[in-house]
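Undergrad: Mind having a look at this structure? Questions to follow.
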Amino acid sequence: MKVIIVGGVAGGASCAARLRRLDETAEILMVERGPYVSYANCGLPYHVGGVIPRESSLLVADERVFREQFAINVRTRCEAIAISSAQKTVDLRNVVTGEVTTESYDKLVLSPGAAPISPSLPGIDLPGIFRVRTVPDVRMIREWIEGHATEPSGMDAYTGFQTIMPAKRAVVVGGGFIGLEMAENMVHLGLQVTLVQRGDQLLGPMDPEMARYVERYLAKNGVRLELNVDVSGFKQVANGSLEVLTQAGPVYPADLVVLGIGVRPENELAKKAGLAIGALGGIRVDDQMHTSDPDIFAVGDAVEVKDFVTGQWSLVALAGPANRQGRIAADVIAGRDSRYRGTQGSAIIGLFGAAAAWTGVSEKMLNRLGDTDYEKIYLYPNSHAGYYPGAKYLAVKVIFRKSDGRLLGAQAVGQDGVDKRIDAIAMAIQLGGTIYDLEEVELCYAPQFGSAKSPVNFAGMVAADVLRGDMPLSHWNSMENAFLLDVRHPAELAIEQAPGAVNIPLDQLRARLDELPRDREIYVICRSGQRAYYATRILLQNGFNARNISGGMLSREVIVGK
Ligand SMILES: Cc1cc2nc3c(=O)[nH]c(=O)nc-3n(C[C@H](O)[C@H](O)[C@H](O)COP(=O)(O)OP(=O)(O)OC[C@H]3O[C@@H](n4cnc5c(N)ncnc54)[C@H](O)[C@@H]3O)c2cc1C
């Protein structure tokens with residue numbers, strides 16, 4: 001059996017290596033348009049920032065490793081330009097010489113990835129404007145930054161004032177993963193970074209109120225954020241530097257521009273071959289990664305997959321799904337009955353020592369789908385036992401089915417322990433788990449790592465209280481004619497207040513119940529929702545109609561604003 005694999009990075013390389021492990025006799029040819037196979041594109045921004053100092057560290061396995069360890073024939077700088085599914089052949093062009101050869105296949109795997117979106121804006125190809133996808137891309141960025149540094153030299157080095165050098169100005173266009181990671185890394189290099197984003201939030205897969213935490217944290221760390229900015233073009237000015245032009249008028253001066261506007265599936269080859277393309281532009285595949293031609297498979301960023309939670313088609317450009325899909329395609333080619341379960345979109349980004357992560361569906365996606373059978377909770381647990389030094393609070397949002405408690409999604413932001421909480425919930429979602437499972441799950445604990453009641457248990461307990469009716473819930477954006485009861489200590493009110501709220505501290509509540517109305521719903525607030533829960537329980541057991549406002553003042557900050 002001869003198998004050709006197009007694309008030699010995440011999906012392609014994992015498919016090739018897995019196939020060899022399953023079938024010693026298969027003839028495997030992997031072709032890659034670029035100069036490298038199996039490189040770590042997820043590490044590219046960190047090479048720009050110098051966290052990964054050596055370019056060679058990004059090259060996970062080279063052609064020699066594939067050839068010697070796996071007996072896989074690799075051709076780099078070799079582009080697949082046409083597929084004849086009738087003849088079962090692929091035309092391959094040597095990118096350096098232009099020579100075209102034709103290879104036959106029994107099975108073909110497409111893992112061509114996604115290409116950066118590059119709108120046809122005036123000036124978009126000017127020198128100093130970069131995209132971040134490949135090792136050569138980041139080499140150019142590094143060389144540019146080094147080449148444009150103004151180091152004091154000669155006499156200048158002694159005069160003193162020349163050491164106060166104007167920092168280079170970088171503008172990042174786009175507030176997704178790559179834009180944010182590039183922004184952080186360029187701040188580390190001493191550049192003044194402005195990040196402009198078209199919409200009203202960063203990190204599109206998150207809900208806007210959770211993204212607010214990320215936006216604030218970036219701003220605190222020196223990234224100038226400009227939301228709701230539509231870039232209209234780029235201009236080179238007299239001294240050779242750039243200007244980023246916007247629809248609304250403001251101009252952002254820049255010495256360097258990084259485009260992180262998003263990616264689109266590389267579908268041209270598949271389209272030309274007549275393979276089915278989905279409505280979102282990805283190659284259509286079934287759960288065994290077959291395209292519409294049973295002998296052609298496709299994996300990775302180029303394919304449309306079913307969302308694990310909603311069952312809708314979706315495009316998710318992430319390394320985990322690409323690797324697993326590559327492995328599944330290899331299994332199926334080798335005669336095994338492996339199936340892809342769908343993509344949950346579990347993702348994480350690290351920024352200035354903090355992290356934002358999510359898994360499953362967002363609330364805004366549920367709203368887009370018209371799905372109203374859900375509830376959400378906000379909670380702010382400590383990352384580990386509060387008495388052990390270094391605990392930081394996490395902002396967590398969990399979304400679940402109102403009707404049966406099934407977990408639908410979770411998002412978290414914080415400086416410690418974000419990844420393990422979202423990973424645990426991701427696993428629960430994949431196993432069809434409910435909030436009641438989170439209540440019961442037994443997780444490892446010692447004070448430096450977590451709490452006896454882990455944030456994951458805690459989320460389950462809070463959500464289960466809601467569904468069992470022990471804690472009726474409300475949210476800042478869904479209150480009408482509310483009687484607001486604030487049960488915080490008066491000293492806390494000096495810092496921030498909810499307008500119109502009546503303050504009865506929790507420890508006085510039992511004695512002052514006669515000050516509260518029995519004919520209105522009472523919405524209870526505290527800082528994070530915990531004391532409000534205790535108060536809600538007191539009120540409910542005394543015959544009041546009470547609700548806890550989820551996340552208290554901490555969620556108010558991001559939902560209503562300060
Ligand atoms: C800067 C950056 C940071 C990232 N960080 C993360 C992260 O932290 N976490 C995460 O989960 N994901 C991250 N990703 C996304 C992740 O890298 C991709 O989801 C994953 O690599 C997709 O795998 P793939 O095989 O589909 O495509 P790729 O890994 O992109 O490989 C596709 C390859 O196919 C080649 N190719 C395309 N067309 C042809 C053709 N016709 N002939 C021959 N070769 C062709 C391309 O040159 C390319 O090298 C990041 C991506 C980038 C660019």
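Undergrad: For segment 77-107, give me each residue that is farther than 28 Å from Gly335 by Cα and assigned to a loop (DSSP other than H, G, I, E, B).
TA: Arg77, Val95, Val96, Thr97, Gly98, Glu99
Undergrad: Among the residues that make up segment 294-313, is at least one of them more than 13 Å from the ligand (Cβ to nearest atom), of a type in the set (S, T, N, Q) and either surrounded by 24 or more Cβ atoms within 10 Å (Cβ to Cβ) or assigned to a strand (DSSP E or B) (or both)? Step through it out loud before you land on a result.
TA: Step one: of segment 294-313, the residues more than 13 Å from the ligand (Cβ to nearest atom) are 294-296, 306-313.
So of that shortlist, the ones also of a type in the set (S, T, N, Q) come out as 310, 312.
From what's left, either surrounded by 24 or more Cβ atoms within 10 Å (Cβ to Cβ) or assigned to a strand (DSSP E or B) (or both): none.
No.
Undergrad: Continuing with the same structure: When segment 328-343 is examined, which residues are found to be within 12 Å of the ligand (Cβ to nearest atom) and of a type outside the set (Gly, Ala, Ser)? Steps first, please.
TA: From segment 328-343, those within 12 Å of the ligand (Cβ to nearest atom) are 329, 343; that's our starting set.
The answer is Thr343, and nothing else.
Undergrad: Every residue in segment 172-202 that is assigned to a loop (DSSP other than H, G, I, E, B) and crowded, with 23+ Cβ neighbours inside 10 Å, please.
TA: Our first condition is that a residue be assigned to a loop (DSSP other than H, G, I, E, B); within segment 172-202, this holds for 174-176, 189-191, 197-202.
Residues satisfying the conditions are Gly174, Gly175, Gln197, Leu202.
Undergrad: Would you mention how many residues in segment 350-374 are buried (at least 20 other Cβ atoms within 10 Å of the Cβ) and among the acidic types (Asp, Glu)?
TA: 1
Undergrad: Then there's this: Given (1) surrounded by 18 or more Cβ atoms within 10 Å (Cβ to Cβ); (2) charged (D, E, K, R); (3) touching a residue at least 60 places away in the same chain (Cβ under 8 Å); (4) farther than 30 Å from Ser232 by Cα, where does Arg131 come up short, assuming only one miss?
TA: Of (1) surrounded by 18 or more Cβ atoms within 10 Å (Cβ to Cβ); (2) charged (D, E, K, R); (3) touching a residue at least 60 places away in the same chain (Cβ under 8 Å); (4) farther than 30 Å from Ser232 by Cα, only one is false for Arg131: (4).
Undergrad: Determine whether Ala71 is surrounded by fewer than 20 Cβ atoms within 10 Å (Cβ to Cβ) and more than 10 Å from the ligand (Cβ to nearest atom). Walk me through how you get there before you give the answer.
TA: Details: surrounded by fewer than 20 Cβ atoms within 10 Å (Cβ to Cβ): yes; more than 10 Å from the ligand (Cβ to nearest atom): yes.
Yes; evaluated as a whole, the condition is true for this residue.
Undergrad: Also, quick follow-up: Output the residues belonging to segment 236-274 that are in contact (Cβ under 8 Å) with a residue 60 or more places away in the chain, more than 13 Å from Val171 (Cα to Cα), not polar (S, T, N, Q) and not in a loop (DSSP other than H, G, I, E, B).
TA: Val263, Arg264, Pro265, Leu269, Ala270, Lys272
Undergrad: Can we say Val487 is out of contact with any helix residue (DSSP H, G or I) (no Cβ under 8 Å at 6 or more places or on another chain), of a type in the set (Val, Ile, Thr) and closer than 22 Å to Arg527 by Cα?
TA: Details: out of contact with any helix residue (DSSP H, G or I) (no Cβ under 8 Å at 6 or more places or on another chain): no; of a type in the set (Val, Ile, Thr): yes; closer than 22 Å to Arg527 by Cα: yes.
Against the criterion (out of contact with any helix residue (DSSP H, G or I) (no Cβ under 8 Å at 6 or more places or on another chain), of a type in the set (Val, Ile, Thr) and closer than 22 Å to Arg527 by Cα), Val487 does not qualify.
Undergrad: Can I ask one more? Can you tell me which of Ser555, Ser478 is within 26 Å of Ala211 (Cα to Cα), out of contact with any helix residue (DSSP H, G or I) (no Cβ under 6 Å at 6 or more places or on another chain), part of a helix (DSSP H, G or I) and of a type outside the set (A, V, I, L, M)?
TA: Numbers: Ser478 fails: part of a helix (DSSP H, G or I).
Result: Ser555 is the single residue among Ser555, Ser478 that is within 26 Å of Ala211 (Cα to Cα), out of contact with any helix residue (DSSP H, G or I) (no Cβ under 6 Å at 6 or more places or on another chain), part of a helix (DSSP H, G or I) and of a type outside the set (A, V, I, L, M).
Undergrad: On the given criteria, is Val109 crowded, with 18+ Cβ neighbours inside 10 Å and touching a Leu at 6+ places or on another chain (Cβ under 7 Å)?
TA: no
Undergrad: Another question, if that's okay. Of (1) over 21 Å from the mean Cα position of the chain (by Cα); (2) in contact (Cβ under 8 Å) with a residue 60 or more places away in the chain, Val413 satisfies all except one. Which?
TA: The single condition Val413 does not satisfy is (1).
Undergrad: Identify, from the list Ala273, Ala254, Ala183, the residue that is within 16 Å of the ligand (Cβ to nearest atom) and in contact with a Ser or Thr (Cβ under 8 Å, 6 or more places away or on another chain). Can you show your working first?
TA: On the way: Ala254 fails: within 16 Å of the ligand (Cβ to nearest atom); Ala183 fails: in contact with a Ser or Thr (Cβ under 8 Å, 6 or more places away or on another chain).
Within the list Ala273, Ala254, Ala183, the selection yields Ala273.
Undergrad: Please specify each residue of segment 94-139 satisfying the condition of being within 30 Å of Arg324 (Cβ to Cβ) and either polar (S, T, N, Q) or more than 14 Å from the ligand (Cβ to nearest atom) (or both).
TA: Of the residues in segment 94-139, the ones within 30 Å of Arg324 (Cβ to Cβ) are 95, 103-118, 131-139.
Once the filter is applied, which keeps residues that are within 30 Å of Arg324 (Cβ to Cβ) and either polar (S, T, N, Q) or more than 14 Å from the ligand (Cβ to nearest atom) (or both), segment 94-139 yields Ser104, Asp106, Lys107, Ser111, Ser118, Thr134.
Undergrad: Tell me, please, whether a residue that is outside any loop (DSSP other than H, G, I, E, B) and without any contact (Cβ under 8 Å) to a residue 60 or more places away in the chain can be found in segment 464-475. Quick ask: steps written out before the conclusion?
TA: Narrowing segment 464-475 to residues outside any loop (DSSP other than H, G, I, E, B): 464-467, 473-474.
Subset that is without any contact (Cβ under 8 Å) to a residue 60 or more places away in the chain: 464.
Yes, because at least one residue in segment 464-475 is outside any loop (DSSP other than H, G, I, E, B) and without any contact (Cβ under 8 Å) to a residue 60 or more places away in the chain.
Undergrad: Just one of (1) under 30 Å from Val90 (Cβ atoms); (2) outside any strand (DSSP E or B); (3) within 16 Å of the ligand (Cβ to nearest atom); (4) in contact (Cβ under 8 Å) with a residue 12 or more places away in the chain trips up Pro205, so point out which.
TA: (1)
Undergrad: Another question about this same structure. For segment 9-72, give me every one of the helices (runs of 4 or more DSSP H) that falls completely inside it and has 3 or more residues that are modelled with pLDDT under 95. Give the derivation first.
TA: Details: elements: 10-22, 44-48, 63-70.
Output list reads 63-70.
Undergrad: Which numbered condition in (1) surrounded by 24 or more Cβ atoms within 10 Å (Cβ to Cβ); (2) on the phi < 0 side of the Ramachandran plot is the only one that Met289 fails?
TA: Answer for Met289: the failing condition is (2).
The values are calculated or read from the model by the stated rules, or taken from the named source; none is laboratory data. Keep in mind the model is a prediction, meaning the values are calculated, not measured. Quick reminder, even Gly has a Cβ in these numbers, built from the backbone with ideal geometry, and neighbours come from all protein chains shown.
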